[in-house]
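**Student:** Below is one structure. I have some questions about it.
What follows is calculated from the coordinates using simple rules that are stated; it is not laboratory data. Here the structure is a predicted model, which means the values were calculated and not measured. Here Cβ is always computed from backbone atoms with ideal geometry, including for glycine, and neighbour counts include all displayed protein chains.
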Amino acid sequence: MPLLPFPLPQADLLFDPDFLPAAEANALLAHFIAGIAWEQRAICMFGRELPQPRLTAWHGDPAARYTYSGLTWEPRPWTPPLLGLRQRLEAATGARFNSVLLNYYRDGRDSMGWHADDEPELGPTPVIASLSLGATRRFRLRPVGPRVGLAPSSIGLDLPNGSLLLMRGPTQQCWQHALPKTARPAGPRLNLTFRWVAG
Ligand SMILES: O=C(O)CCC(=O)C(=O)O
Ligand SMILES: [Fe+2]
């Protein structure tokens, strides 16, 4: 399927529920779970150091140093499968990417809290290509700032195996997103966000 617009005001979202065929997505899931040097980083919250509720890894060009939640990341080098995905995402989106953040949600207890990918090194209108592998989890978006009238507090979008969500334009300025925990049984899921980080 092609990337199609996902209607959301003051955002620029494109979605393809099956960017990768299921067999290829499954093979990449197994490859990355076994082959990536996963880390559980600490995050500073309310003045305390807590382990992040997921595993992470950062790969990219040497210049793509990145500060995220107060942590600086030195990229690990590209691997052939990551380079192959980068090339296909660049061809599909017309954007360029010099790095990728990998998140590994081991089960439904792993999660990511509300945030926008608005770090200065991403620039004012970043293009972020978010590829999901493995278990379907619900991604949520909520507007930054006060809620208008009866507008829902957040909207949900299920991200299945092999799906691609492209976030562009004002999305990071006007919306936050999260990957909440779920009480339903959930198998492992990986999310790869390809980004351009200014050196
Ligand atoms: O896991 C996801 O779908 C979202 C990941 C995310 O928001 C991020 O890496 O910044
Ligand atoms: Fe994000």
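**Student:** Dividing the alpha-carbon Rg of the range 88-199 by 2.2 N^0.38 Å yields what?
**Tutor:** 1.09
**Student:** Multiplying the sequence separation of Gln173 and Arg106 by 0.36 nm and subtracting their Cα-Cα distance, what value in nm do you get?
**Tutor:** Full extension from Gln173 to Arg106 adds 21.2 nm.
**Student:** Relative contact order of the chain, please, whole-number percent, based on alpha carbon pairs below 8 angstrom and at least 6 residues apart.
**Tutor:** 30
**Student:** Run the numbers for His31 and Ala183: contour at 0.36 nm per residue of separation, minus the present Cα-Cα distance, in nm.
**Tutor:** Here the segment from His31 to Ala183 would lengthen by 52.0 nm.
**Student:** If you don't mind, there's one more thing I want to ask. Between Leu8 and Ala92, with labels modelled 7 Å along Cα→Cβ, what's the label distance in nm to one decimal, could you check?
**Tutor:** Here the answer is 1.7 nm between the modelled labels.
**Student:** Rg and Dmax of the chain, using alpha carbons, in Å: what are they?
**Tutor:** For the chain, the Cα-based Rg and Dmax read 16.1, 49 Å.
**Student:** With label points built 7 Å along Cα→Cβ from the Cα atoms of Leu83 and Ile155, find their separation and express it in nm.
**Tutor:** 3.9
**Student:** If you don't mind, another one. Taking R0 as 30 Å, what's the FRET efficiency between Trp114 and Met1 from their Cβ-Cβ distance, rounded to 0.05?
**Tutor:** The pair Trp114/Met1 has a calculated efficiency of 0.55.
**Student:** Quote to one decimal, in nm, the extra length available between Thr67 and Glu121 on full extension: 0.36 nm per residue of separation minus the C-alpha distance between them.
**Tutor:** Result for the pair: 18.6 nm of gain on full extension.
**Student:** Still on this structure, please answer the following. List the relative contact order of the range 3-61 as a percent without decimals, with contacts defined as Cα pairs under 8 Å and 6+ residues apart.
**Tutor:** Rounded, it is 20 percent for the range 3-61.
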